[in-house]
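Participant: The structure follows.
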Amino acid sequence: MPATQSRVNDFVLKIATVNGTGSASANGLLLKALFRMGVPVTGKNLFPSNIQGLPTWYEIRANKDGYMSRTGRVDVMVAMNAQTYEKDMNEVSPGGFLVYDSTWPRRDVLARDDITVLGVPLAKLCNENFDVARLRILMKNVAYVGVLAALLNLDVDVIRKLLQESFAHKPQLVDSNLKAIMLGYDYAKQHFTCPLPVHAETMGDNSNNILITGNEAAGLGFVFAGATVGAWYPITPSTSLMDAFSGYCEQFRVDPETGDKRFCIIQAEDELAAAGIILGANWAGARAFTPTSGPGISLMSEFIGFAYYAEIPSVFIDVQRVGPSTGMPTRTQQCDVMMCAFASHGDTRHPLLFPANPKECFEMAITAFDLADRLQTPVFILSDLDIGMNDWMVPELTWDENYRPDRGKVLGPDDLAKMDRFIRYLDSDGDGITYRTLPGEDPKGAYFTRGSGHNRYGAYTEDSDAYQDVLDRLLVKWQTAKSLVPDAVLSRAMQPTKLGIVAYGSSDGAVIEARDRLAERGIHADYLRIRALPFTHEVEDFLHAHDTIFVVEQNRDAQMRSLLTLESADTANRLVPILHYNGMPIPSECIVSGISAYQEAAA
Amino acid sequence: MTFIPKPQIDLPGQHENDLGLSLRDYEGSLSTLCAGCGHDSITAALVQALWEMSIRPEMLIKMSGIGCSSKTPAYFVHGAHGFNSVHGRMPSVATGASAANRDLICIGISGDGDSLSIGFGQFGHVIRRNVNMLYLIENNGVYGLTKGQFSASADAGSTAKNGTVNQMQNINTVATAISMGVSFVGRAFSGDREQLVPLLKAAIAHPGCAVLDIISPCVTFNNHEGSTKSYAYTREHKKQATETDLVPPRAEIKASYYAGDTHPVRLHDGSTILLKKADPDYDPTRRNNALAYLERHRRRGQIVTGLLFIDQNVPDMHIQSRTVATPLKDLDYRDLNPGSAALEALQRGMK
């Protein structure tokens with residue numbers, strides 16, 4: 001059996017349970033305990049498309065250096081689900097530890113000699129100490145928190161305080177939870193050498209950080225952006241985003257005396273209607289958005305093309321999941337990049353924003369609305385399941401009180417009074433963006449919004465020149481967008497290099513870690529994180545400044561690479577795809593091995 | 001073909017409404033529909049109704065989908081914003097516009113293809129949501145722009161211009177709307193302006209989703225013998241169940257005008273819909289009776305017209321959502337943004 005290296009604040013803990021047994025709160029407790037001890041942590045849900053009864057996993061990575069991505073390694077596995085026991089055991093890295101419920105014997109065949117197996121009779125302990133059947137099941141999951149507290153050296157006082165906070169309204173639950181925790185804790189202390197060689201210790205200060213999911217952060221961002229209309233059709237993994245928006249609106253936007261609501265959330269009959277609702281609402285002057293996932297974008301595409309051509313501001317957030325078709329709804333990918341960039345028939349192109357973490361989900365919710373209003377076009381935020389539904393540690397969100405929404409070029413009655421005539425699609429400023437008016441204000445500002453061929457007056461036309469006049473101006477607007485979207489983020493290598501890495505969205509954490517590992521092997525690469533489409537000038541500069549550029553993404557067809565080659569065809573042969581698309585968040589190892597192998601072959 | 005502006009001719013002696021506007025102020029661009037199209041008669045009735053009601057043009061929004069009917073919003077009230085959306089999806093756009101600004105007067109114009117086939121889902125759900133709007137279906141039983149295919153409202157047994165016989169059952173707009181829980185539904189004939197104008201006014205005043213199914217013959221593709229949506233067939237088979245008028249908030253209800261079996265329905269804005277039963281058997285406030293009456297007359301080959309069902313007590317979308325009285329689009333940003341102190345407090349729970 002390989003000797004286990006002692007590692008402090010650098011381990012992966014994975015917990016295998018059954019969906020619907022209350023393990024989520026136990027896992028949250030573990031995550032938060034580590035967080036409160038000042039250890040950088042992330043928690044990833046690997047869950048089935050199921051309500052109750054199927055296997056589910058939660059993976060916590062604690063890393064003193066702040067690495068956030070998946071590693072593919074498991075140091076400590078808690079195998080609470082007999083159904084997946086063998087798979088779970090096989091997943092433990094050599095030298096690792098497996099904790100299981102020893103109330104029932106495991107067959108000898110299910111054994112490994114390169115890991116340490118720790119049996120704790122969790123069900124038995126709970127059956128002996130709790131009366132109610134439901135409580136026995138729930139407390140079994142709480143009891144493993146106690147076992148892990150002993151094995152991993154978690155601060156029991158921190159856990160107690162967390163319980164007191166979460167059950168402030170039900171103090172009796174603090175006692176029962178704590179009782180279960182101590183059952184596991186004491187058993188582990190008595191039977192095993194605690195702590196394990198891999199364990200936690202109180203380290204820095206996390207008081208300026210928070211734990212949040214991308215969907216919560218985006219929902220909150222839309223509240224701060226001043227969105228008043230949200231329309232949606234429920235779809236995994238975007239549903240929790242509208243839940244968050246709705247919850248924060250109830251918290252911040254209800255008149256305490258009258259109960260009147262300063263928002264309107266509409267659960268549509270399908271995604272087509274959700275898109276239509278937000279188009280109507282934005283057209284009439286509210287800020288309106290829809291959260292969805294890939295299948296929803298497919299259905300919304302007709303309206304997206306309409307919004308592009310009729311120039312209606314609108315915000316779509318696509319929390320990407322695995323395609324094609326229904327795919328794997330509870331797994332992650334970056335597979336809708338190409339679709340969103342050109343959604344709908346005819347010549348269309350749309351600004352895209354790529355948040356890398358929940359903090360950027362919050363910020364880009366606001367940016368997306370300012371861009372949509374300024375550019376009068378649909379804007380997409382491309383989040384994904386990994387960002388949207390997993391627990392991320394990010395710096396605390398901040399707010400500038402001086403911020404005011406950019407509502408773009410909107411003319412009111414006073415502006416109209418000074419004009420001879422209002423012309424909806426006249427480019428008077430030369431930036432491709434024309435002035436709009438809102439219904440309900442002034443008959444002089446009336447115009448006709450249509451998806452059919454129209455001239456600069458908004459009138460129906462089949463005249464070739466009048467049609468092309470409008471379509472060409474939309475390209476001018478696209479050029480203007482380049483100066484408005486968020487810049488790409490450049491990180492230089494420790495030494496000058498002709499190697500580059502381009503990535504975006506949730507691949508960021510894996511790239512950061514991979515660059516450090518590669519540097520240890522003598523491979524140095526500059527890194528450009530793209531945050532928006534259209535590409536800003538530094539993207540083009542980066543491509544030309546490097547001989548080999550690895551484009552890291554989580555889809556099969558290298559979609560971002562294709563967009564880069566469309567923009568900068570002469571660099572196509574320098575762009576090397578590094579792809580990960582099995583549905584799990586990209587691990588840093590995939591990038592390290594991909595780039596190392598390429599460099600060895602090239603050497 | 002392209003956009004044809006309508007010449008604005010000031011005729012001497014034109015009447016003005018309470019806003020000082022003449023009928024001309026409620027007109028739009030020149031219709032490009034076929035001469036004699038029923039839809040143009042409906043447009044003319046709308047102009048009349050809106051003028052009589054003194055609707056401020058800028059407060060009106062004209063919404064539509066795709067098809068001959070959906071072209072018509074360009075042909076009335078040039079001072080109102082129009083939105084010619086995608087096929088079958090007008091209801092969702094109207095829903096969003098209404099959500100953003102509840103003070104707007106929303107008229108959605110659709111057709112039998114737009115609402116009963118491609119847009120059947122949205123038609124049902126805008127009714128369920130009871131969005132405050134007039135939902136007008138210009139029903140001719142045929143796809144005109146694509147040259148004469150049957151629509152879902154074509155009656156079984158009716159023939160197309162090329163002789164094909166429709167064998168499928170039709171979708172009955174009124175019965176469907178009633179079963180979906182509509183709060184106001186009526187049926188009229190484009191050729192009967194005397195009935196149409198007051199019905200339009202009542203529907204616009206109704207605080208909820210008012211559906212009007214208007215038989216509007218297609219002179220080019222569905223006005224032949226064998227059609228059940230032609231001018232001749234509709235005139236022969238029309239049966240009026242109710243007569244309707246709208247009395248504005250401050251006007252006096254003249255008892256003599258509506259003597260007899262009159263049923264006044266007072267609306268939330270203070271106006272009153274006067275409903276007179278043309279057929280003593282009919283009760284437009286009871287859903288079951290309405291459906292049974294429709295079915296009885298359908299079997300006799302009769303097209304029942306008038307205000308056919310009304311329920312004043314169905315809450316509209318904004319009442320259901322408890323939305324604030326000020327239109328959402330007019331709310332001050334400072335009332336929408338929780339601010340930095342709230343953000344900081346909120347995040348204490350995330351640590």
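Please treat every number below as a calculation from the coordinates, not as lab data. For clarity, every value in this text was computed on a predicted model and none was experimentally measured. Cβ coordinates were reconstructed from backbone atoms using ideal geometry, including for glycine residues, and neighbour counts include every protein chain displayed.
Participant: When you look at the Cβ of every residue in A:284-290, what mean number of other chain Cβ atoms sits within 10 Å?
Facilitator: Values: counts 17, 7, 10, 5, 5, 0, 0.
What the average comes to for A:284-290 is 6.
Participant: With a ≥ b ≥ c the root eigenvalues of the C-alpha gyration tensor of region A:7-207, is it rounded (a/c under 1.5), prolate (a/b larger than b/c) or oblate?
Facilitator: Details: a/c = 1.33, a/b = 1.01, b/c = 1.32.
Since a/c stays below 1.5, the shape of region A:7-207 is classed as rounded.
Participant: Near the amide H of A:M77, under 5 Å away, which other amide H atoms are found, from residues 5 or more places off or on another chain, if H is placed in the peptide plane?
Facilitator: Excluding prolines and chain starts, which carry no amide H, the hits are A:K14, A:F97, A:L98, A:V99.
Participant: Expressed as a whole number of Å, what is the distance separating the alpha-carbon centroids of region A:446-496 and region B:127-156?
Facilitator: Comparing the Cα centres of region B:127-156 and region A:446-496, I get a distance of 35 Å.
Participant: Please say if region A:489-602 is rounded, prolate or oblate, where rounded means a/c under 1.5 for a ≥ b ≥ c the square roots of the C-alpha gyration tensor eigenvalues, and otherwise the choice is prolate for a/b larger than b/c and oblate otherwise? Could you put the intermediate results ahead of the total?
Facilitator: Values: a/c = 1.43, a/b = 1.13, b/c = 1.27.
Verdict is rounded for region A:489-602.
Participant: For a quick check: with amide H placed at 1.01 Å from N, whose amide H comes under 5 Å from A:R7's, ignoring anything fewer than 5 positions away on the same chain?
Facilitator: Hits under the 5 Å cutoff: A:V198, A:H199.
Participant: May I pose another question? When the Karplus curve 6.51 cos²θ - 1.76 cosθ + 1.60 is applied with θ = phi - 60°, which whole-Hz ³J(HN,Hα) does each residue of region A:501-508 get, with x for Gly and Pro?
Facilitator: 10, 10, 8, 7, x, 6, 6, 3
Participant: Among A:G408, A:A603, A:A356, whose Cα sits farthest toward the positive end of the charge dipole of the protein assembly as shown (+1 at Cβ of Lys/Arg, -1 at Cβ of Asp/Glu, about the Cα centre)?
Facilitator: Going by the Cα projections, it comes out as A:A356.
Participant: Assigning unit charges at the beta carbon (Lys, Arg +1; Asp, Glu -1) and nothing else, what dipole magnitude in debye, to the nearest 20, does chain B show about its Cα centre?
Facilitator: Numbers: 34 positive and 33 negative charges, 183 e Å.
Result for chain B is approximately 880 debye, rounded to the nearest 20.
Participant: Hey, another quick one. Chain B: longest stretch without exposed GluC sites (Glu not before Pro) (DSSP loop, at most 10 other Cβ within 10 Å), sites themselves excluded?
Facilitator: Values: sites that count: B:E225, B:E252.
That gives B:1-224 as the longest site-free run.
Participant: What is the total of Lys pairs in region A:62-210 with C-alpha atoms under 17 Å apart, excluding same-chain pairs fewer than 8 positions apart?
Facilitator: Details: A:K124/A:K140; A:K124/A:K179; A:K140/A:K179; A:K161/A:K170; A:K161/A:K179; A:K170/A:K179; A:K179/A:K189.
Lysine pairs meeting the criterion: 7.
Participant: Next question. Averaged over peptide A:12-25, how many Cβ atoms belonging to another chain are found within 10 Å of each residue's Cβ? Write down the numbers at each step before the final one.
Facilitator: Values: counts 0, 0, 0, 0, 0, 0, 0, 0, 0, 0, 0, 0, 0, 0.
Mean partner shielding for this stretch: 0.
Participant: Same structure again: Within region A:378-469, list the trypsin sites (Lys or Arg not before Pro) lying in a DSSP loop whose Cβ has at most 12 other Cβ atoms in a 10 Å radius. Walk me through the numbers before you get to the answer.
Facilitator: Working: sites: A:R407, A:K409, A:K418, A:R421, A:R424, A:R436, A:K444, A:R450, A:R456; in loops: A:R407, A:K409, A:K418, A:R421, A:R424, A:R456.
Those satisfying the criteria are A:K418, A:R421.
Participant: For helix B:120-129, what angle does its Cα long axis make with the longest principal axis of chain B, in degrees from 0 to 90 and rounded to 10?
Facilitator: Taking Cα atoms only, the helix is inclined about 50 degrees.
Participant: So for chain B, taking the charge dipole from beta-carbon charges (+1 Lys/Arg, -1 Asp/Glu), which of B:V165, B:Y282, B:L33 sits furthest toward the positive end?
Facilitator: Final value for the positive-end residue is B:V165.
Participant: Right, next: Give the long-range amide H neighbours of B:Y282: residues separated by 5 or more places, or on another chain, with amide H under 5 Å away, using H modelled in the peptide plane at 1.01 Å from N.
Facilitator: Counting only residues 5 or more places away or on other chains, the set is empty.
Participant: Given B:K6/B:K71; A:K32/B:K351; A:K409/B:K62; B:K229/B:K276, which pairs have Cα atoms separated by over 19 Å?
Facilitator: Details: B:K6/B:K71 15 Å; A:K32/B:K351 7 Å; A:K409/B:K62 23 Å; B:K229/B:K276 26 Å.
With Cα atoms farther than 19 Å apart: A:K409/B:K62; B:K229/B:K276.
Participant: Same structure again: Of all DSSP beta bridges located in chain B, what percent are antiparallel, nearest 5? Don't jump to the answer; show the numbers that get you there.
Facilitator: Working: 19 of 49 bridges.
Counting only bridges with both partners in chain B, antiparallel ones make up about 40 percent.
Participant: Please rank A:M339, A:M80, fewest neighbouring Cβ atoms within 10 Å first, as an exposure proxy. Working shown, then result.
Facilitator: Values: A:M339 19, A:M80 24.
If I rank by nearby Cβ atoms, fewest first, I get A:M339, A:M80.
Participant: Determine the percent antiparallel among the DSSP beta bridges restricted to region A:489-602, to the nearest 5. Let's see the in-between values first.
Facilitator: Details: 3 of 17 bridges.
Bridges in region A:489-602 that DSSP calls antiparallel: roughly 20 percent.
Participant: Something else: Please turn the phi angles of region B:174-190 into ³J(HN,Hα) values with the Karplus equation 6.51 cos²θ - 1.76 cosθ + 1.60 (θ = phi - 60°), one per residue in order, whole Hz, x for glycine and proline.
Facilitator: 5, 5, 4, 4, 5, 6, 7, x, 4, 9, 7, 8, x, 9, 8, 10, 4
Participant: Between the DSSP loop rule and a limit of at most 14 other Cβ atoms within 10 Å, which trypsin sites (Lys or Arg not before Pro) in region A:330-386 are left? Please list the in-between numbers first.
Facilitator: Numbers: sites: A:R331, A:R349, A:K359, A:R374; in loops: A:R331, A:R349.
Passing sites in region A:330-386 do not exist.
Participant: Separate question: Using the crude model of +1 on Lys and Arg Cβ and -1 on Asp and Glu Cβ, and no other charge, please compute the dipole size for region A:410-482 relative to its Cα centre, in debye to 20. Before the final figure, lay out the partial values.
Facilitator: Working: 10 positive and 13 negative charges, 37 e Å.
Magnitude of the dipole: close to 180 debye.
Participant: In whole Hz, with x marking every Gly and Pro, tabulate ³J(HN,Hα) for region A:443-450 from phi via Karplus 6.51 cos²θ - 1.76 cosθ + 1.60, θ = phi - 60°.
Facilitator: x, 5, x, 5, 8, 10, 8, 8
Participant: Is region A:410-482 best put as rounded, prolate or oblate by its Cα gyration tensor, with a ≥ b ≥ c the root eigenvalues, rounded for a/c under 1.5, and otherwise prolate when a/b is larger than b/c, oblate when not? Before the final figure, lay out the partial values.
Facilitator: Working: a/c = 2.18, a/b = 1.36, b/c = 1.60.
Oblate.
Participant: Where both partners of a DSSP beta bridge lie in chain A, what percent of those bridges are antiparallel, to the nearest 5? Display every interim value, and only then the final one.
Facilitator: Working: 28 of 79 bridges.
Expressed as a percentage, antiparallel bridges in chain A total about 35.
Participant: Still on this model: Partner chain Cβ atoms within 10 Å, averaged over the residues of A:433-444 - can you pull that number for me? Show your work: numbers first, answer last.
Facilitator: On the way: counts 0, 0, 0, 0, 2, 7, 17, 16, 5, 3, 12, 2.
If you average over the peptide's residues, the count of other-chain Cβ atoms is 5.
Participant: Given an 8 Å cut-off on Cα distances and at least 6 residues of separation, report the relative contact order of chain B as a percent.
Facilitator: Reported as a whole number, the value is 15 percent.
Participant: Dipole magnitude of region A:489-602 about its Cα centre, charges +1 at Lys/Arg Cβ and -1 at Asp/Glu Cβ only, in debye to the nearest 20?
Facilitator: Once rounded to the nearest 20, the dipole reads 120 debye.
Participant: Follow-up question, since we're still on this one. Specify which residue in the list A:A33, B:G301, A:I210 is farthest towards the positive end of the charge dipole of the protein assembly as shown, using unit charges on the beta carbon of Lys, Arg (+1) and Asp, Glu (-1), about the Cα centre.
Facilitator: B:G301
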